[in-house]
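The values are calculated or read from the model by the stated rules, or taken from the named source; none is laboratory data. Just so it is clear, the structure is predicted and the values come from calculations on it, not from any experiment. Glycine also receives a Cβ, built like all others from the backbone with ideal geometry; neighbour counts cover every protein chain displayed. Side chains included, ligands, DNA and RNA excluded: accessible areas come from the protein's heavy atoms. Shrake-Rupley method; radii C 1.70, N 1.55, O 1.52, S 1.80 Å.
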Amino acid sequence: MQQKELATLLDISPAMVSRLAKRGMPTDSLERAQRWRKRHLEPGRVKGSRYDPSREVAANTPAAAIEVPPLPSVVLFEIEDAGAMVDAALIRGNQYGAAIRTWQLRELIRTPRHWLDYPRLSVRVWLSLLGYMTHQDAEVRNAPDMGTLLTPGEYGARWCPASPWAAHTVLCDACDWDDDALNGYPDQPDDGD
């Protein structure tokens with residue numbers, strides 16, 4: 001499908017289709033493009049879903065019949081975009097750039113919010129976030145599909161198949177609240193055992 005045809009079907013300009021395609025929007029089918037737009041764009045910025053004051057809800061419409069748009073996933077998009085930058089730096093072998101981007105990604109994950117939708121990051125990026133607590137011989141370090149995008153729960157299942165980690169546990173450990181990735185684990189007191 002050409003971008004001009006897709007622009008007509010989406011009722012947006014061809015230039016907008018080109019900009020969104022550069023951000024990752026699929027251009028091969030209308031359905032995939034609509035799903036991507038719904039997931040990655042703020043509802044107020046999508047043509048057709050903007051607030052129209054002239055369109056009033058009927059007073060006798062039951063509350064259950066009123067469709068509530070989903071919360072914007074701008075934060076999710078920022079996290080996934082930062083994850084893509086970490087992934088690109090790791091692929092290029094830029095360890096310094098990857099370390100800086102990983103720290104920035106941690107800061108995005110740490111900011112207070114409700115995790116309603118989990119980010120999908122590559123195995124390589126999850127390993128960058130959680131490598132500080134992953135054994136050197138762990139199977140996930142040598143995964144053949146390092147570019148595969150996984151949610152935190154999917155990574156937790158891969159990291160420890162015998163006892164999968166819950167998604168919130170993976171996110172909490174990815175935050176590295178005590179900066180153990182930089183400082184190492186604190187020495188544990190010797191109990192004399």
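Descriptive notes on the structure:
- The set of residues in region 111-140 that are open to solvent by less than 60 Å² (accessible area, probe 1.4 Å), more than 18 Å from R101 (Cβ to Cβ) and either touching a helix residue (DSSP H, G or I) at 6+ places or on another chain (Cβ under 7 Å) or outside any loop (DSSP other than H, G, I, E, B) (or both) comprises M133, T134, V140.
- Residue satisfying all of: in region 72-116; modelled with pLDDT of 80 or more and β-branched (V, I, T); nearest to L171 (Cα to Cα) among these: I109
- Long-range neighbours under 7 Å by Cβ, at least six apart or interchain, first residue on the phi < 0 side of the Ramachandran plot within region 21-33, second at pLDDT 85 or above and assigned to a loop (DSSP other than H, G, I, E, B): A21/T27; R32/P26; A33/M25; A33/P26; A33/T27
- Positions within region 148-176 being in contact with a Gly (Cβ under 7 Å, 6 or more places away or on another chain) and not in a loop (DSSP other than H, G, I, E, B), in sequence order: A167, T169, V170
- When restricted to residues that are closer than 16 Å to A138 by Cβ and either at pLDDT below 75 or open to solvent by less than 40 Å² (accessible area, probe 1.4 Å) (or both), region 158-172 contains 2.
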